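The values are calculated or read from the model by the stated rules, or taken from the named source; none is laboratory data. As the structure is a computational prediction, the values presented were derived from the model and not from experiment. So basically every Cβ, Gly included, is an ideal-geometry build from the backbone, and we count neighbours across all protein chains shown.
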């Protein structure tokens, strides 16, 4: 995926000005939150199992790409923003942020979902797989190999979502024909129009009988 | 997105209590529509009550009545053997909606609660009686290509976006509800509302009420069913017009018929009068055309959506032909 947009093209270890700005925004919004927090946040009812107040972070544990995480997350943070902003797993892309493009597709307990339309706090105890968790070390996943072989991308921005969706599509048994692939991949938009090549890549993996 | 507090109640009663005591609280299940609306500033609840851990995720058949728990995912319902065997129409409509990613998140109850996709409802800079009662309707006199041809009012011409609900109204489902005053059952056709003077109310749920499931009675429509969804692209788009058709045919005679439409009204639109014209008739194109004409008699169009009337008629004929040919 050499054409994929690079999040931070300058020195990887050093903060560029965008990241510094991001930190500033984070700090200032934290201060703002402090200033706005009412003295008494909403009280939990007797039977409520879990509660997080308006600006309160709550503990969330989940497994991401085989690794256990104990996290502290504000309720309004989506799974997508948690992955990208807090854990720096930036392979998962933010396209439309409204569940219309599929760039944010990840697997939760083995099922593909749009990570932009679910809250991180709702994923307590779940197993998440992102594009970073697909390859085995240096060995690419068969679907990743097939996307390269068939040119299943041009700009590459939709590619992580396409690949996560494609893996699930094959596992679900929805890759039986080009028509079925097109229908069950319709939640992933490619504005470069690499659809024919994506269908070819998925077909090859499916017909090759690979374990995906 | 606005800030909100978050609770994950351990019981159904705790969930109902949490909503009842807080006027701006909302249930969240899949969240696929709610979070979208919150990101756009259309909704800004101060508290979300996450009901995902409640035991409302099941599909069972008892005495030929199919029960589907409110938290059962759209993808699970679509693929379930009991649904495919007893109510294949429901499986078809679910697969016509959204994408597999969204179907893996969206729940049965949440699908019923989704809001219109009228672009003026989503655009918080524009007047909208559904979003801000009394502010006016921007779609009347605006771009109304996607809007209603049946049952609209001078307050709102938005349409209900669900595919799933079109099959459920056709199959005479019942909505199971729990609330502060106990449990009740709502016939599916009476769950959603026409806009009238209160377009802000999509349905007849009372304060604090939670959908716990749906029931579908035994039906003879296990074979001759078809869902035709006409849209701007081949997949993953809301309906311009959709038709759910179910026929019970024996000896070349229609014994029973169900017809319902999506994309045409503020609620899933059942076509009772058109159904009646089919009973006792043979499944021919001419008889289907008569039903289609009857179905659209009460249509009223706006500047950009007059095309929906012939589209609806042709779609009814095609859906019935496809259903009959199965």
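Here are the numbers for the structure shown:
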read-out	value
Residues of region B:73-97 satisfying the condition of being part of a helix (DSSP H, G or I), closer than 21 Å to residue B:55 by Cβ and in contact (Cβ under 8 Å) with a residue 24 or more places away in the chain	B:74, B:75, B:77, B:83
Flag for residue B:229 being touching a helix residue (DSSP H, G or I) at 6+ places or on another chain (Cβ under 9 Å), within 14 Å of another protein chain (Cβ to nearest Cβ) and in contact (Cβ under 8 Å) with a residue 24 or more places away in the chain	yes
Residue B:270 being surrounded by fewer than 24 Cβ atoms within 10 Å (Cβ to Cβ), more than 21 Å from residue B:145 (Cβ to Cβ), in contact (Cβ under 8 Å) with a residue 60 or more places away in the chain and in contact with a helix residue (DSSP H, G or I) (Cβ under 9 Å, 6 or more places away or on another chain)	yes
Residue in region B:4-17 that is farthest from the other protein chains (Cβ to nearest Cβ), counting only those that are surrounded by fewer than 19 Cβ atoms within 10 Å (Cβ to Cβ) and touching a residue at least 12 places away in the same chain (Cβ under 8 Å)	B:12
Among the residues listed as A:83, A:54, the single one being away from every other protein chain (no Cβ under 14 Å), closer than 28 Å to residue B:42 by Cα and outside any strand (DSSP E or B)	A:83
Residue count for region B:179-196, restricted to those that are surrounded by fewer than 21 Cβ atoms within 10 Å (Cβ to Cβ) and in contact with a helix residue (DSSP H, G or I) (Cβ under 8 Å, 6 or more places away or on another chain)	3
The listed residue being within 14 Å of chain A (Cβ to nearest Cβ) and either surrounded by fewer than 24 Cβ atoms within 10 Å (Cβ to Cβ) or under 27 Å from residue B:39 (Cβ atoms) (or both), out of B:82, B:102	B:102
Region B:35-60 - residue that is part of a strand (DSSP E or B) and surrounded by 15 or more Cβ atoms within 10 Å (Cβ to Cβ) and, of those, nearest to the chain's Cα centre (by Cα)	B:59
Qualifying positions in region B:12-34 - touching a helix residue (DSSP H, G or I) at 6+ places or on another chain (Cβ under 9 Å) and assigned to a loop (DSSP other than H, G, I, E, B)	B:29, B:30, B:31, B:32, B:33
Residue that is nearest to residue B:177 (Cα to Cα), among those in region B:18-47 that are at the interface with chain A (Cβ under 7 Å from one of its Cβ atoms) and free of Cβ contacts under 8 Å to residues at least 60 places away in the same chain	B:18
Counted residues, region A:114-129 - those being within 11 Å of chain B (Cβ to nearest Cβ) and either within 13 Å of residue A:168 (Cα to Cα) or surrounded by fewer than 21 Cβ atoms within 10 Å (Cβ to Cβ) (or both)	4
Sole residue being within 21 Å of the chain's Cα centre (by Cα), farther than 14 Å from residue B:159 by Cα and touching a residue at least 60 places away in the same chain (Cβ under 8 Å), chosen from B:244, B:295, B:324	B:244
Single condition residue B:116 does not satisfy, out of (1) crowded, with 19+ Cβ neighbours inside 10 Å; (2) in contact with a helix residue (DSSP H, G or I) (Cβ under 8 Å, 6 or more places away or on another chain); (3) in a loop (DSSP other than H, G, I, E, B)	(2)
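Listed here are the residues, each with its yes/no results for (1) within 10 Å of chain B (Cβ to nearest Cβ); (2) part of a loop (DSSP other than H, G, I, E, B).
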{"site": "A:62", "(1), (2)": "no, no"}
{"site": "A:68", "(1), (2)": "no, no"}
{"site": "A:75", "(1), (2)": "yes, yes"}
{"site": "A:93", "(1), (2)": "no, yes"}
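Results for (1) closer than 30 Å to residue A:56 by Cβ; (2) within 13 Å of chain B (Cβ to nearest Cβ); (3) at pLDDT below 95; (4) assigned to a loop (DSSP other than H, G, I, E, B), shown as yes or no for each residue.
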position: A:112; (1), (2), (3), (4): no, yes, no, no
position: A:143; (1), (2), (3), (4): no, no, no, no
position: A:146; (1), (2), (3), (4): no, no, no, no
position: A:152; (1), (2), (3), (4): no, no, no, yes
position: A:156; (1), (2), (3), (4): no, no, no, yes
position: A:168; (1), (2), (3), (4): no, yes, no, no
position: A:179; (1), (2), (3), (4): no, yes, no, no
position: A:191; (1), (2), (3), (4): no, no, no, yes
